[in-house]
Amino acid sequence: QVQLVESGGGLVQAGGSLRLSCAASGIPFSINAMEWYRQAPGKQRELVATITSGGSTNYAESVKGRITISRDNAKNTVYLQMNSLKPEETAVYYCNTKAWGFDFWGQGTQVTVSS
């Protein structure tokens, strides 16, 4: 059974920081690319960051320089360090991976950035 469990969301003031975690089980974590998405109210889900099995990273233009994705294969966990947060980044943040032809999602963690 595949499980992705996000944590670390919360309420933060604009300019603040949060670190999200996503603990994975039931997948060959070390060989899987992992991604973070977010979905703001009334908007489509958007890709925030990707990390490959080899540790290469890719970011949405809007977050470059402020947000860092990383992984700890020993803990089967992927992280999203978010700095200089903006009110428009208020959203539910989701962890995602693809395995055996399927998309797997976590339940999401709410991030609220107050102005």
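The values are calculated or read from the model by the stated rules, or taken from the named source; none is laboratory data. Note that the structure is a prediction, hence the values are computed from the model and not measured. Here the Cβ is made from the backbone with ideal geometry for all residues, glycine too, and neighbour counts use every protein chain on show. Areas reflect the complete protein model, heavy atoms only, side chains present, ligands, DNA and RNA absent. Shrake-Rupley method; radii C 1.70, N 1.55, O 1.52, S 1.80 Å.
Conditions (1) farther than 25 Å from Ser114 by Cβ; (2) among the hydroxyl-bearing types (Ser, Thr, Tyr); (3) out of contact with any Lys or Arg (no Cβ under 8 Å at 6 or more places or on another chain), marked per residue:
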residue: Ser30; (1), (2), (3): yes, yes, yes
residue: Gln39; (1), (2), (3): no, no, no
residue: Lys43; (1), (2), (3): no, no, yes
residue: Thr52; (1), (2), (3): yes, yes, yes
residue: Tyr59; (1), (2), (3): no, yes, yes
residue: Arg66; (1), (2), (3): no, no, yes
residue: Lys75; (1), (2), (3): yes, no, yes
residue: Tyr79; (1), (2), (3): no, yes, no
residue: Glu88; (1), (2), (3): no, no, yes
Starting from segment 9-28, take each residue that is at positive phi and list its partners that are among the β-branched types (Val, Ile, Thr) and assigned to a loop (DSSP other than H, G, I, E, B), counting only C-beta distances under 7 angstrom and pairs at least six apart or across chains. Gly26/Val2
Looking at segment 22-40, which of the residues that are touching a strand residue (DSSP E or B) at 6+ places or on another chain (Cβ under 8 Å), surrounded by fewer than 17 Cβ atoms within 10 Å (Cβ to Cβ) and of a type outside the set (A, V, I, L, M) is farthest from Gly101 (Cα to Cα)? Gln39
Does Val48 satisfy the condition of being in contact (Cβ under 8 Å) with a residue 12 or more places away in the chain, β-branched (Val, Ile, Thr), surrounded by 17 or more Cβ atoms within 10 Å (Cβ to Cβ) and within 14 Å of Val78 (Cβ to Cβ)? yes
Selected residue (only one of Ser84, Ser53, Ser62 is in contact with a helix residue (DSSP H, G or I) (Cβ under 9 Å, 6 or more places away or on another chain) and farther than 17 Å from Asn32 by Cα): Ser62
Taking segment 62-80 as the search range and keeping residues that are within 23 Å of Thr90 (Cα to Cα) and in a loop (DSSP other than H, G, I, E, B), which one is most open to solvent (accessible area, probe 1.4 Å)? Lys64
Which numbered condition trips up Val48, out of (1) over 14 Å from Ser21 (Cβ atoms); (2) of a type in the set (A, V, I, L, M); (3) out of contact with any Leu (no Cβ under 8 Å at 6 or more places or on another chain)? (3)
Does at least one position in segment 91-100 carry a residue that is farther than 18 Å from Ala23 by Cβ, in contact with a strand residue (DSSP E or B) (Cβ under 7 Å, 6 or more places away or on another chain) and assigned to a helix (DSSP H, G or I)? no
Which residue, of Glu61, Glu46, Glu89, is among the acidic types (Asp, Glu), at negative phi and within 12 Å of the chain's Cα centre (by Cα)? Glu46
Within segment 8-17, track down each residue that is open to solvent by 30 Å² or more (accessible area, probe 1.4 Å) and part of a loop (DSSP other than H, G, I, E, B). Gly8, Gly9, Ala14, Gly15, Ser17
